[in-house]
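Report on one structure; see the data block that follows.
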Amino acid sequence: SSPLIENRGQLIVFEGLDKSGKSTQSQKLKEALLKDGQFVDLWSFPDRNTKLGDVIDSYLNKRLELDDRSIHLLFSANRWEKVSKLIKLLESGTTVITDRYAFSGVAYSAAKGLPLEWCKQPDVGLPKPDCVIFLQLSPEAGAKRNGFGEERYEKTQFQNKVLEQFMQIKDESWKIINADQNMEDLHQEIYKHIKSLKKEELKRLWEKD
Ligand code: FDM
Ligand code: MG
């Protein structure tokens, strides 16, 4: 492949239900790749540190009510506001790991009953991850991990619906990993998979190729 492809950073996305271990595992992957001498940035979506993120945070903490479509579009806009920075990083050779991305956007909104195809549209054209690590854990097992907090969506019954939607949108770039194992073994499995990825041209999400 061309030097441009060889030198670009990878976009690695962690997805999964609440309490599946995304934060822990994304942090551990970052540290491992840094040790290998790579440039790595760790992000999360929603990014609550922007003005849009502040509105999203209010919604998640139930201080604010919004129409389902309205909040869906805000989650997407919160990704788009960071895209130029994301592409710049990838092109300059930094690998970006994110804790959630557009797949959470679609799965959580579709779980409320919004049409799946409608949910995907605002995120069409975002940079496509080189790999989506999906941490699979049953909602029941997730609920046992320190229980859920007070945020919107943190209910076992709803999480079951979200899981169904995640399974509808997975594609060949997904690696589904059993998250019900110890932290270190899980990390090793993820790390090995990431190391096995071939460098390819950056594609865009959900565009017909
Ligand atoms: N969430 C997250 C969405 O509903 N749509 C999105 O686009 C994204 C990125 O926000 F319940 C939901 C998923 C979760 C909540 O996520 C906050 P974190 O990872 O707990 O901060
Ligand atoms: Mg949460």
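Details
- When each of 96, 106 is scored by the number of other beta-carbon atoms lying within 10 Å, the sequence from fewest to most is 96, 106.
- For the chain, the relative contact order comes to 33 percent (Cα pairs under 8 Å, sequence separation of at least 6).
- Computed over the Cα atoms of the stretch 49-97, the ratio of the radius of gyration to the Kirkwood radius (Rg/Rh) comes to 1.12.
- Against the rule of thumb 2.2 N^0.38 Å, how large the Cα Rg of the stretch 1-93 comes out: 1.30
- Relative contact order, percent, the stretch 15-114 [alpha-carbon distance under 8 Å, six or more residues apart]: 40 percent
- From helices alone, the chain scores -14000 deg cm²/dmol at 222 nm; the rule is -39500 (n - 2.57) for each run of n ≥ 4 DSSP H residues, then divide by the residue total.
- Under Stokes-Einstein, with the Kirkwood radius over Cα pairs as Rh, the value for the chain at 10 °C and 1.306 mPa s is 90 µm²/s.
- Spin-label proximity, residue 62 to the stretch 104-143 - amide N less than 20 Å from point 7 Å beyond Cα toward beta carbon: 108-109, 111-113, 143
- Working from the Cα coordinates of the stretch 120-209, the gyration tensor eigenvalues give, after taking √(5λ), semi-axes of 26, 20, 10 Å in decreasing order.
- Placed amide H near residue 44: partners under 5 Å, 5+ positions off or other chain: 99
- Ordering 196, 20 by the number of other Cβ atoms within 10 Å of each residue's own Cβ, fewest first, gives 196, 20.
Any read-out appearing in this document is the output of simple, stated calculations on the displayed coordinates, not a laboratory observation. Keep in mind it's a predicted model, so treat the numbers as computed, not measured. Every residue, glycine as well, gets a Cβ built from its backbone with ideal geometry; the counts of neighbours run over all protein chains shown.
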